[in-house]
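Notes for the one structure printed next.
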Amino acid sequence: MTAGLKTETEDKPRSKPSVRQRADEIAPFRCKNLIAVIENPTDIKNFGTVIRNVNALGVEKVYVVDPHHSLPDDWQELRERKSVSKTSVSAVKWTFVRRFDSTDVCSITWKGRTSNQ
């Protein structure tokens, strides 16, 4: 390339891949056998940050033990909250989350899951 001249590829702005596209690209590398368990979440904004970090570590599922019902039973409702979506950098949209009322119920579910594999 001579000074002052640009090639066709240099003239075109690079398109930024969508967050969903990047999530799909890394999906095969996520750990399907690892579950993060969060007990007694108290701050919705912190919960979004935890989801982001869990997702960044490649954990595919999050179980939440929430005996005080700090989080809604309907996970879709939580996904749509801007405070959670923003702090999770949208990771909340593709991370599987299941809420439990007690550690015992969570443990029984986890044990049932591992015995079926």
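The values are calculated or read from the model by the stated rules, or taken from the named source; none is laboratory data. Since this is a predicted model, take the numbers as computed values, not measurements. Note that we place each Cβ from the backbone using ideal geometry, even for glycine, and neighbour counts take in every protein chain shown. Keep in mind that these areas ignore ligands, DNA and RNA; they rest on the heavy atoms of the full protein, side chains included. Shrake-Rupley method; radii C 1.70, N 1.55, O 1.52, S 1.80 Å.
For the range 65-78, a tally of residues being in contact with a Ser or Thr (Cβ under 9 Å, 6 or more places away or on another chain) and modelled with pLDDT of 85 or more returns 3.
Filtering the range 74-89 to residues that are in contact with a Lys or Arg (Cβ under 9 Å, 6 or more places away or on another chain) and either of a type in the set (K, R) or under 24 Å from N33 (Cα atoms) (or both) leaves W75, R79, K86, S88, V89. Listed here are the helices (runs of 4 or more DSSP H) enclosed by the range 44-97 that have at least 3 residues being touching a residue at least 12 places away in the same chain (Cβ under 8 Å) and in contact with a strand residue (DSSP E or B) (Cβ under 8 Å, 6 or more places away or on another chain): 44-56.
Here is a check on your reading of the model: is N33 surrounded by fewer than 18 Cβ atoms within 10 Å (Cβ to Cβ) and either within 21 Å of K111 (Cα to Cα) or touching a Leu at 6+ places or on another chain (Cβ under 8 Å) (or both)?
Numbers: surrounded by fewer than 18 Cβ atoms within 10 Å (Cβ to Cβ): yes; either within 21 Å of K111 (Cα to Cα) or touching a Leu at 6+ places or on another chain (Cβ under 8 Å) (or both): yes.
Judged against the criteria, N33 is a match.
Within the range 77-98, how many residues turn out to be open to solvent by less than 50 Å² (accessible area, probe 1.4 Å) and not aliphatic (A, V, I, L, M)?
Initial filter on the range 77-98 (open to solvent by less than 50 Å² (accessible area, probe 1.4 Å)): 78, 83-85, 87-88, 90-92, 95, 97.
Then drop every residue that is not not aliphatic (A, V, I, L, M), which leaves 83, 85, 87-88, 90, 95.
Qualifying residue count for the region: 6.
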